[in-house]
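Below is one structure; the comments refer to it alone.
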Amino acid sequence: MQPKGYLHQIHPVLPVKDVVEALDFYVNRLGFKIAFADDSKNPKYAGIIRDAIEIHLQWHDASEWEMEIDRPMLRIVAENIESLYEEFGQKGVFHAHTLLRETAWGTKEFAFYDPYKNGLTFYRDV
């Protein structure tokens, strides 16, 4: 009998208009490192990592950006959520209403959008 299949990682792909600009945001403001890029000068696809998280960034043509509500929302489990909130707050990535809060569903979390309206929620169970 074969062992049961097991899922152990996910690498979401976020759409971006400019991979270099997206890399700048994720590396210089959120503390990720570049894992790979398909081209060193004008990448169309790249991966970034921080701790155990890997996210891929993929260029999409401007014609695909007509609707603003079709962007992904990632929920990322985090340790030391208060420190992460403070770190990102010092980098100026939050919007006016970004708060670290406890939710009715038993998490402590904060959320904001990257420059391309991809949603990022960082949370831990309370």
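The values are calculated or read from the model by the stated rules, or taken from the named source; none is laboratory data. Since the model is a prediction, treat every value here as computed from it, not as a measurement. Note: ideal-geometry Cβ built from the backbone for every residue, glycine included; neighbour counts use all protein chains shown.
Scan the stretch 77-90 for residues that are outside any helix (DSSP H, G or I) and either of a type in the set (Gly, Ala, Ser) or in contact with a Leu (Cβ under 7 Å, 6 or more places away or on another chain) (or both) and report the count.
At the first step, the residues of the stretch 77-90 found to be outside any helix (DSSP H, G or I) are 77-80.
Next, only the ones that are either of a type in the set (Gly, Ala, Ser) or in contact with a Leu (Cβ under 7 Å, 6 or more places away or on another chain) (or both) stay: 78.
Within the stretch 77-90, residues that are outside any helix (DSSP H, G or I) and either of a type in the set (Gly, Ala, Ser) or in contact with a Leu (Cβ under 7 Å, 6 or more places away or on another chain) (or both) number 1.
For the structure I just gave you, tell me whether residue 100 is in contact with a helix residue (DSSP H, G or I) (Cβ under 7 Å, 6 or more places away or on another chain), at pLDDT 95 or above, surrounded by 15 or more Cβ atoms within 10 Å (Cβ to Cβ) and under 13 Å from residue 121 (Cα atoms).
Values: in contact with a helix residue (DSSP H, G or I) (Cβ under 7 Å, 6 or more places away or on another chain): yes; at pLDDT 95 or above: yes; surrounded by 15 or more Cβ atoms within 10 Å (Cβ to Cβ): yes; under 13 Å from residue 121 (Cα atoms): yes.
Yes: the conditions hold for residue 100.
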Filtered residues of the stretch 71-126 (kept if under 11 Å from the mean Cα position of the chain (by Cα) and basic (Lys, Arg)): 75, 117
Filtering the stretch 62-89 down to residues that are free of Cβ contacts under 8 Å to residues at least 24 places away in the same chain and surrounded by fewer than 10 Cβ atoms within 10 Å (Cβ to Cβ), which residue is farthest from residue 18 (Cα to Cα)? 69
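Right, residue 116: among the hydroxyl-bearing types (Ser, Thr, Tyr), at pLDDT 95 or above and surrounded by 10 or more Cβ atoms within 10 Å (Cβ to Cβ) or not?
Details: among the hydroxyl-bearing types (Ser, Thr, Tyr): yes; at pLDDT 95 or above: no; surrounded by 10 or more Cβ atoms within 10 Å (Cβ to Cβ): yes.
Considered against the rule, which asks whether it is among the hydroxyl-bearing types (Ser, Thr, Tyr), at pLDDT 95 or above and surrounded by 10 or more Cβ atoms within 10 Å (Cβ to Cβ), residue 116 comes out as no.
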Looking at (1) under 12 Å from the mean Cα position of the chain (by Cα); (2) in a loop (DSSP other than H, G, I, E, B); (3) under 20 Å from residue 109 (Cα atoms), which is the one condition that is false for residue 11? (3)
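Consider residue 49 carefully, then state whether it is under 19 Å from residue 124 (Cβ atoms) and of a type in the set (Val, Ile, Thr). Give the steps one after another, and end with the answer.
Values: under 19 Å from residue 124 (Cβ atoms): no; of a type in the set (Val, Ile, Thr): yes.
Judged against the criteria, residue 49 is not a match.
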Looking only at the stretch 40-57, how many residues end up being in contact with a helix residue (DSSP H, G or I) (Cβ under 9 Å, 6 or more places away or on another chain) and either of a type in the set (Lys, Arg) or surrounded by fewer than 18 Cβ atoms within 10 Å (Cβ to Cβ) (or both)? 5
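Residue 29: surrounded by 15 or more Cβ atoms within 10 Å (Cβ to Cβ) and of a type in the set (Lys, Arg), yes or no?
Values: surrounded by 15 or more Cβ atoms within 10 Å (Cβ to Cβ): yes; of a type in the set (Lys, Arg): yes.
Yes: the conditions hold for residue 29.
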